[in-house]
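To keep things clear, I will list the structure first and then write my remarks on it.
Quick note: the coordinates plus some simple rules give every number you see, no bench work behind them. What you see is a predicted model, and the numbers here were worked out from it, not measured in a lab. Every residue, glycine as well, gets a Cβ built from its backbone with ideal geometry; the counts of neighbours run over all protein chains shown.
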Amino acid sequence: MPVVGACLALGALLGPCEAAHAADAPGAAAPGAALDVVAAENFYGDVVKQIGGAYVNVTSILSNPDQDPHLFEASPKTARALHHARVVVYNGADYDPWMTKLLGATGGGQRTVIVAADLVGKKAGDNPHLWYDPQTMPTVARAVSAALGAADPAHKSVYDANLATFIGSLKPLDDKVAALRAQYKGLPVTATEPVFGYMSDAIGLDMRNMRFQMATMNDTEASASDIAAFERDLRERRVRVLIYNSQATEAMTRRMLGIAKQSKVPTVSVTETQPAGMNFQHWMLAQLDALQTALAQK
Ligand SMILES: [Zn+2]
């Protein structure tokens, strides 16, 4: 009875299992029912939705661009969604360590788990904002399509076709990165957090003040000399743009934004969670457009 086993393991998080659970054990979806998929972050959930269409029922756990994802803690609701999932996608590289714990606690029916970090060779300690690397989403999308096709072979041709559409839809994004690279490669920029780091690398920008950025991300205090170096970069306009994470605007970030404004260094806001009403492609393109506008200022 794997259902009972899973429920017992979940007891602490969920309370008593309802009798109804016996009918909807993981892997026991009725023919024709949508596949339950859980994505830890909503941009991965969006990719699943774009590939699975009407045949998937996607739950994204981190979906609020007004919250700091690094401070997130999982709830019983999260555990309940995972209990039913046939496919699970999460970032890894210590961005969402609560997923590892929950997956251990909820047992694995016939569940495929896709970890973006594993697919692109990143680990704990690396910059975890992997979805800003133009290489990541095509790789994740291929793994998602393969997992959906394995869980639901009847619709494999749909998933294959949607994958091809998705990969094709990334072309404007790649073109924009190439255009920015051709024009702005090597320009010095800085950021309050390493959210945009991989994209900045893809464009070839010279990203400064990395130690400060890691301190902000990890909610620790940057050293006095790192803070002074950051301020000097802004005051002396040694950087062309300040990129800031609008999801984590603590006092130090606000202070740097203030200095940038005084010194007339353009600022660009990025988010690490996908805003409502935008798909992944539009979100990334909008941010690149904003960066282009800022870089064009003299
Ligand atoms: Zn972050």
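Largest first, the extents of the alpha carbon coordinates of the stretch 68-198 on the three principal axes equal 50, 38, 23 Å. With neighbour counts taken as other beta-carbon atoms within 10 Å, the residues W131, W98 rank, fewest first, as W98, W131.
Computed from label points 7 Å out along Cα-Cβ, the spacing between Q110 and E236 is 6.4 nm. For the pair T165 and K123, label points projected 7 Å from Cα toward Cβ lie 3.9 nm apart. Between M278 and R254, the contour length at 0.36 nm per residue exceeds the alpha carbon distance by 6.0 nm. Cα-based values for the chain, radius of gyration first and Dmax second, are 21.0, 68 Å.
Peptides 113-121, 181-189 ranked from most to least packed, by the mean per-residue count of other Cβ atoms within 10 Å: 113-121, 181-189.
With the helix formula -39500 (n - 2.57) applied to DSSP H stretches of n ≥ 4, the chain reaches a computed 222 nm mean residue ellipticity of -15000 deg cm²/dmol. In terms of the Cα gyration tensor, with a ≥ b ≥ c the square roots of its eigenvalues, is the stretch 35-92 rounded because a/c is under 1.5, prolate because a/b exceeds b/c, or oblate? Judged from the Cα gyration tensor, the stretch 35-92 comes out oblate (a/c at least 1.5, b/c at or above a/b).
Principal-axis analysis of the Cα atoms of the chain puts helix 42-52 at an angle of about 50° to the longest axis.
For the stretch 172-296, the normalised intensity computed at q = 0.13 Å⁻¹ comes to -0.49 (log10 of I(q)/I(0), Debye sum over alpha carbons, equal scatterers, no solvent). Helix 156-169 and the longest principal axis of the Cα set of the chain meet at an angle near 10°.
Ordering H129, H155, H83 by the number of other Cβ atoms within 10 Å of each residue's own Cβ, fewest first, gives H155, H129, H83.
The slack in the chain from R80 to D206, taken as 0.36 nm per residue of separation less the alpha-carbon distance, amounts to 41.0 nm. Scanning residues 5 or more positions from V268 or on other chains, those with amide H under 5 Å from its amide H are L242, I243, Y244, with H placed 1.01 Å from N in the peptide plane. Report, in degrees rounded to the nearest 10, the 0 to 90 angle that the Cα long axis of helix 280-296 makes with the longest principal axis of the chain. Result, in degrees: 0. Summary of packing: across the peptides 44-53, 67-76, the per-residue average of other C-beta atoms within 10 Å ranks them, highest first, as 44-53, 67-76. Contact order for the chain, expressed relative to its length and based on alpha carbon pairs under 8 Å spaced 6+ residues apart, stands at 17 percent.
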